[in-house]
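What follows is a single structure, written as structure tokens, with notes after it.
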Amino acid sequence: MRGLAACAASLALLLGCAAAPTPDTARPHQPEAASGVRQHSAVLVREQAVAAAHPLAADAGWRMLRAGGTAADAAIAAQLVLTLVEPQSSGIGGGAFLLHWDGQRLDAWDGRETAPAAADEGLFLDAQGRPLPFREAVVGGLSVGTPGLMRLLEAVHRAHGRLPWAQLFEPAIALADEGFAVGPRLHALLRSDEHLRRDPAAAAYFYGPDGAPHPVGHRLRNPALAAILRTLAREGADAFYRGPIARSIVAKVRNHPVRPGRLSEADLAAYQVRRREALCSPWRTWQVCGFPPPSSGHLAIAQILGLLEHVAPPAAAQPAALPGPDFLHAYAEASRLAFADRAQYVADPDFVAPPAGHWSSLLAPAYLAERARLISPHAMPSARPGRPGGQHSVWAPQPEAPERGTSHLSVIDREGRAVAMTTTIEDAFGARQLVDGGTGLPGGFLLNNQLTDFAFVPTDAHGRPVANRVEPGKRPRSSMSPTLVFERAGGQLVLNVGSPGGAWIIHYTAKVLLGTLAWGLDAQQAIDQPNFGTTGWPLLLEEGRFPAATLEALRRRGHTVREAPMTSGAQALQRQPRGWLGAADPRREGAVRGQ
């Protein structure tokens with residue numbers, strides 16, 4: 001098999017092929033708007049570090065590590081601060097996937113939201129049986145799933161924490177009481193959002209009396225969240241899932257004036273975290289480990305990497321080099337095949353059996369070799385799902401649908417434990433519903449819109465069900481891809497990485513894996529590389545980062561090419577001979593703290 005960065009003269013035939021007509025598509029929406037790019041230098045630390053999406057969150061995690069806390073302690077403290085300072089992306093009103101490595105055992109903790117017991121397949125269909133427009137489905141109570149984050153954080157703390165639970169809340173409570181300075185990214189997203197102002201509580205908290213978002217530097221206090229966090233610090237996660245906080249969540253969801261939802265207090269009380277077995281895939285000299293379904297992330301990434309081993313031409317090998325049209329063509333075709341399988345097979349494993357009886361059937365070497373033979377010098381008109389194990393599928397493929405905003409953090413502690421956690425409320429600002437937890441105070445936390453990650457239409461024209469359709473208690477399919485990479489020979493952890501970005505998480509994470517493991521880049525250089533990928537059609541390239549000749553060469557091969565900002569937010573910790581190199585994405589506000 002050829003390496004991604006090795007010379008492959010035999011693939012010169014990929015050049016210069018005539019283009020066939022393909023459908024033209026408007027530029028796909030990105031999960032969160034761009035807010036500028038800033039310089040970010042890698043940080044080299046000796047033994048422990050936190051990389052998080054906001055400097056104040058990284059500070060909180062680092063404070064716990066300095067106090068003798070574990071990676072789990074640091075991740076919890078950082079996440080609680082993200083609820084306050086990055087409300088557009090994650091928070092206690094949402095959910096998360098968390099990988100934990102204790103030096104010997106790898107666990108996948110599933111805190112994904114669940115559909116209410118009263119939900120059914122027609123949740124997002126109108127009176128005529130037609131799917132609601134995406135934005136109409138998002139805003140309100142209908143899209144709100146049972147939040148899983150607080151149960152997840154508590155379960156992980158019980159298994160892997162060292163510091164007292166209440167201590168982990170101290171940084172977030174202090175910031176909520178005293179206020180934090182609104183940054184350029186939050187201000188830009190508040191300014192551009194068309195729906196958040198419709199919620200009176202959110203309008204009063206995020207915007208001034210004139211309706212304008214608070215300016216950059218404005219000190220934003222959140223008394224309601226401070227009170228909620230004090231209760232949770234004192235009483236544990238039960239105080240979120242029962243009592244005044246739970247009642248306030250349900251009231252907000254069910255009393256929405258336009259799109260009331262179906263969440264109940266019983267749904268909250270019944271929520272349970274799932275402790276799953278991580279998926280680990282051998283790739284070259286490494287073992288790449290990620291999250292199993294209901295995440296599609298690791299399966300898609302591992303398929304793309306495996307397919308590229310069969311067909312990939314030369315790619316970037318130096319920090320200043322860019323992936324060329326040969327590589328981008330091969331990557332796009334591999335992605336289309338992976339996303340076709342994703343649309344066909346991946347859903348909550350408590351409801352949907354994996355093809356051929358196990359998820360690894362999608363990664364079997366013989367299956368990937370068979371799929372790779374579909375990749376030719378010209379863009380395929382359409383990609384169809386494969387038949388792992390030679391079996392026919394009973395499912396209908398899910399049409400492509402928007403997936404939205406997220407956050408990621410990576411932690412290593414001095415004893416070698418690691419956390420990779422990707423966390424989300426789905427769309428930017430979620431369902432645009434701010435809950436005060438029954439405190440009666442200004443502020444609070446935002447609720448998720450995770451139910452829109454389900455298929456809106458439950459069956460196809462032939463009556464075949466979509467695997468990822470809405471069902472009571474089901475967890476919607478996700479693309480979140482917290483990833484830990486180990487040496488295959490000695491088992492040593494070498495990389496901790498993930499990114500926000502909706503369905504594009506798959507590409508943002510794959511790019512960092514390719515950059516660090518195949519192209520000889522360090523983690524910061526890999527993150528800094530321009531983004532690229534496709535979820536089916538068109539091929540998207542990061543705006544202004546590729547030469548016109550590359551775009552034209554791809555179009556000659558039959559690709560519809562679009563440029564967009566592609567606002568990834570990757571965080572990574574990469575083992576170095578003298579410690580760990582911490583990296584944060586310059587496209588957002590991430591930061592690394594450590595020593």
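For labels at Glu415 and Ala67 in the simple 7 Å Cα→Cβ model, what's the distance in nm?
Computed distance between label sites Glu415 and Ala67 equals 1.7 nm.
Are there GluC sites (Glu not before Pro) in the range 249-332 that DSSP marks as loop and that have at most 12 other Cβ atoms within 10 Å, and which are they?
Listed in order of number, the matching sites are Glu277.
Would you tally the net charge around Arg387, using a Cβ to Cβ cut-off of less than 11 Å, leaving Arg387 out, and scoring K and R as +1, D and E as -1?
Value of the local net charge: 0.
Restricting to the chain, compute how many DSSP beta bridges are antiparallel as a %, nearest 5.
Around 90 percent antiparallel, to the nearest 5.
How far, in nm, would the chain grow between Leu322 and Gln391 when pulled straight, counting 0.36 nm per residue and subtracting the alpha carbon separation?
20.9 nm
When the helix-only estimate is applied to the chain (DSSP H runs of n ≥ 4, each -39,500 (n - 2.57), divided by the residue count), what is the mean residue ellipticity at 222 nm, nearest 500 deg cm²/dmol?
Using -39500 (n - 2.57) per qualifying helix, the result is -8500 deg cm²/dmol.
Quick check: residue separation of Arg254 and Ser376 times 0.36 nm, minus the Cα distance between them. What number comes out in nm?
That works out to 38.8 nm of additional length.
When a/c reaches 1.5 or more, the comparison of a/b and b/c decides; with that in mind, is the range 106-259 rounded, prolate or oblate per its Cα gyration tensor?
oblate
How large is log10 of I(q)/I(0) for the range 86-128 at q = 0.17, 0.20 Å⁻¹ when the intensity is taken from the Debye formula with one equal scatterer per alpha-carbon?
Ignoring solvent entirely, the Cα scatterers give -0.74, -0.84.
At R0 = 35 Å, how high is the FRET efficiency between Glu136 and Arg247 if r is their beta carbon distance? Nearest 0.05 is fine.
Taking R0 as 35 Å, the efficiency between Glu136 and Arg247 is 0.85.
From the phi angles alone, apply the Karplus equation (6.51, -1.76, 1.60; θ = phi - 60°) to the range 458-463 and give each ³J(HN,Hα) in whole Hz, x where the residue is Gly or Pro.
Each residue of the range 458-463 in turn: x, 9, 8, 5, 9, x Hz.
So, with +1 on the Cβ of K and R and -1 on the Cβ of D and E, and no other charges, what is the size of the charge dipole of the range 424-574 about its Cα centre, to the nearest 20 debye?
500
Which one is right for this structure if percent of Cα pairs over 31 Å apart is calculated from it: [x] 48; [y] 53; [z] 45?
[z]
Would you calculate the separation in nanometres between label points at Asp107 and Ser41, each defined as 7 Å from the Cα along the Cα-to-beta-carbon direction?
3.9
Going toward the positive end of the dipole of the chain, with +1 on Lys and Arg Cβ and -1 on Asp and Glu Cβ, which of Pro442, Gly94, Leu307 do you reach last?
Leu307
Taking a ≥ b ≥ c as the square roots of the eigenvalues of the Cα gyration tensor of the range 437-595, is the shape rounded (a/c under 1.5), prolate (a/b larger than b/c) or oblate?
oblate
Using the crude model of +1 on Lys and Arg Cβ and -1 on Asp and Glu Cβ, and no other charge, please compute the dipole size for the chain relative to its Cα centre, in debye to 20.
Rounded to the nearest 20 debye, it is 420 debye.
If packing is taken as the average count of other Cβ atoms within 10 Å, what order do 340-349, 501-510 fall into, highest mean first?
So the order, starting with the most tightly packed, is 501-510, 340-349.
Need the full-extension length gain, Glu552 to Asp460, defined as separation in residues times 0.36 nm minus the C-alpha distance. One decimal, nm.
29.5 nm
Please get the size of the charge dipole for the range 345-462, origin at its Cα centre, with Cβ charges of +1 on Lys and Arg and -1 on Asp and Glu, quoted in debye to the nearest 20.
I would put it at about 440 debye.
Ranking request for peptides 371-377, 249-255, 451-457: highest mean number of other beta-carbon atoms within 10 Å first, then the rest in descending order.
Averaged packing, sorted descending, gives the order 451-457, 249-255, 371-377.
Please give, to one decimal in nm, the separation of the simple spin-label points placed at Asp177 and Arg162, each 7 Å out from Cα toward the Cβ.
2.7
Amide H of Ala570 versus every other amide H placed in the peptide plane: which residues, excluding those fewer than 5 positions away on the same chain, fall under 5 Å?
The list, which skips near neighbours in sequence, is Asp585.
Which log10 I(q)/I(0) values does the range 242-335 give at q = 0.13, 0.16 Å⁻¹ under the Debye formula, counting every alpha carbon as one identical point scatterer?
Cα-only, vacuum Debye calculation for the range 242-335: -0.69, -0.78.
Once amide H atoms are built 1.01 Å from N in the peptide plane, which residues 5 or more positions from Gln576, or in another chain, come under 5 Å H to H?
Amide H to amide H, under 5 Å and 5 or more residues apart or across chains, Gln576 pairs with Leu581.
Taking the highest mean first, how do the peptides 143-156, 423-436, 115-128, 283-296 order by number of other beta carbon atoms within 10 angstrom per residue?
423-436, 143-156, 283-296, 115-128
Can you list the DSSP H helices in the chain whose Cα atoms extend at least 27 Å along the helix axis and whose mean Kyte-Doolittle hydropathy is -0.5 or higher?
Span-like helices, by this rule, are 325-345.
Read-outs: derived from the displayed coordinates by stated rules, not from any lab. Worth saying up front: this structure is predicted, and the values here are computed from it rather than measured. When we count neighbours, we look across all protein chains shown, and the Cβ atoms used for this are built from the backbone with ideal geometry, even at glycine.
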